[in-house]
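Participant: Okay, here's the structure, questions in a sec.
Derivation of every value follows stated rules applied to the coordinates shown; laboratory data play no part. Just so we're clear, the structure is a prediction, and the values are computed from it rather than from any experiment. Cβ: placed from backbone, ideal geometry, glycine included. Neighbour counts: every protein chain shown.
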Amino acid sequence: MKKLVLIIIIFTSIGSTFAQWGEFNYFALRLGITNQFLNPAPLAANGMFINSYEGDRYLIPDTNQFLKYNNGFDIGLDFHFDWHNDMGGFIIGAEYYNFAVSNKFVSQSSKDYIIRTMRIHCISFPIYIKFGYEIFNLQRYAFLGARFNWNLQLDISEEASWNSEIKTQTHNDKVMTQYNYLLMGGINFLFLNVEADFYPQTFLNKNYRINVGTQAAPYYIKPFAAYPDTYLVITTSLYIPLSPWATTRSYFLNKLAKMF
């Protein structure tokens, strides 16, 4: 969180400089929820098995469409630099962003299963353009761009059919990639912002390997090598321009501004 505060301070300083360039330059606060329920299945489940009295039962990915809703949050500060014709502009920002994806692994010899959920936490730097008509006055526009993510932490939790306890491990090492990017597009209507995020590359380190053998006779596997690259996340946000426009549209924000 300290890193996020530092980044926001830097962007504030940059934004103050940009604000001298045009009439409609302002910051906007994002308070969003990430939504993910389409969970593409891995091609294999390397190293996943159940220890039982009958021996090891190896698990395979459930190839059926596994619909499990996972949410997260997106909070941050963006800077808008609108063009003078009020029909477009560009936006840069710094946001704390996380989402989760789940996969189900099943046994071929029993009804046992494991649901694995992976949640990535990152500092996200959105860069995109917006376009519309009278953008500043109406705050109605579409946008296209990309996010560059600096990954901070990966939480991996597992829920088993035979145990109500959820086991979670936290990683900030080679299990995840340090950086990745996503493509995005969406619409903004007054204080509501809806964004579709498409990941063309995964946040998992596919070359990460573990030794499932012994020190004398090592046997290495890559547990994430068969995981999919692409994910789709929908982010719905309360998007508040920190400008006089917001106080003219909202009685609450108008009262809040007068307190200062």
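Participant: For Asn205, list long-range residues whose amide hydrogen, built 1.01 Å from N in the peptide plane, is under 5 Å from its own amide hydrogen.
Facilitator: Sorted by chain and number, the residues that satisfy this are Met176, Thr177.
Participant: While we're here: Does the range 151-206 come out rounded, prolate or oblate by the C-alpha gyration tensor, with a ≥ b ≥ c the root eigenvalues, rounded set by a/c under 1.5 and, if not, prolate when a/b is larger than b/c and oblate if not? The partial results should precede the final answer.
Facilitator: Values: a/c = 2.93, a/b = 1.60, b/c = 1.83.
It comes out oblate by the Cα gyration axes.
Participant: Follow-up. Please order Lys174, Lys206, Lys111, Lys130 by the number of other Cβ within 10 Å, starting at the fewest. Let's see the in-between values first.
Facilitator: Numbers: Lys174 11, Lys206 15, Lys111 8, Lys130 21.
Ascending Cβ contact count within 10 Å gives the list Lys111, Lys174, Lys206, Lys130.
Participant: May I ask you to sort Phe189, Phe79, Phe203 by Cβ crowding, counting other Cβ atoms within 10 Å and putting the fewest first?
Facilitator: Working: Phe189 12, Phe79 21, Phe203 25.
Listing Phe189, Phe79, Phe203 from fewest to most nearby Cβ atoms yields Phe189, Phe79, Phe203.
Participant: Evaluate E = 1/(1 + (r/R0)^6) for Val212 and Ile75, where r is the Cβ-Cβ distance and R0 equals 45 Å; express this FRET efficiency to the nearest 0.05. If you can, show how the numbers build up before the last one.
Facilitator: Working: r = 39 Å, r/R0 = 0.87.
That gives a FRET efficiency of 0.70.
Participant: Let me ask something else about it. Report the extension gain between Phe148 and Tyr179 in nm, rounded to one decimal, defined as 0.36 nm multiplied by the number of residues separating them, less their alpha carbon distance. Please list the in-between numbers first.
Facilitator: Numbers: separation 31, 0.36 × 31 = 11.16 nm, distance 0.74 nm.
Length difference between fully extended and current span is 10.4 nm.
Participant: With just the Cα atoms of the range 116-189, tell me how far they stretch along each of the three principal axes, in Å, largest first.
Facilitator: Taking max minus min along each principal axis of the Cα atoms, the range 116-189 gives 57, 27, 15 Å.
Participant: List every residue whose amide H lies under 5 Å from the amide H of Ala45, counting only residues 5 or more places away in sequence or on a different chain, with H placed 1.01 Å from N in the peptide plane.
Facilitator: Long-range HN contacts for Ala45: none found.
Participant: I've got another one for you. What size of dipole, in debye to the nearest 20, comes out for the range 61-118 about its Cα centre when the only charges are +1 on Lys and Arg C-beta atoms and -1 on Asp and Glu C-beta atoms? It would help to have the intermediate numbers written out before the result.
Facilitator: Values: 4 positive and 7 negative charges, 123 e Å.
Its charge dipole is roughly 580 debye.
Participant: Sort Leu154, Leu77 so the one with the fewest other Cβ atoms within 10 Å of its own Cβ comes first.
Facilitator: On the way: Leu154 22, Leu77 19.
With the fewest neighbours first, Leu154, Leu77 line up as Leu77, Leu154.
Participant: If you don't mind, another one. From the phi angles alone, apply the Karplus equation (6.51, -1.76, 1.60; θ = phi - 60°) to the range 24-33 and give each ³J(HN,Hα) in whole Hz, x where the residue is Gly or Pro.
Facilitator: 10, 10, 7, 8, 9, 9, 10, 10, x, 10
Participant: Sticking with this structure for a sec: Just subtract the alpha-carbon distance of Leu43 and Met87 from 0.36 nm times their residue separation and send over the number in nm, one decimal.
Facilitator: That works out to 11.3 nm of additional length.
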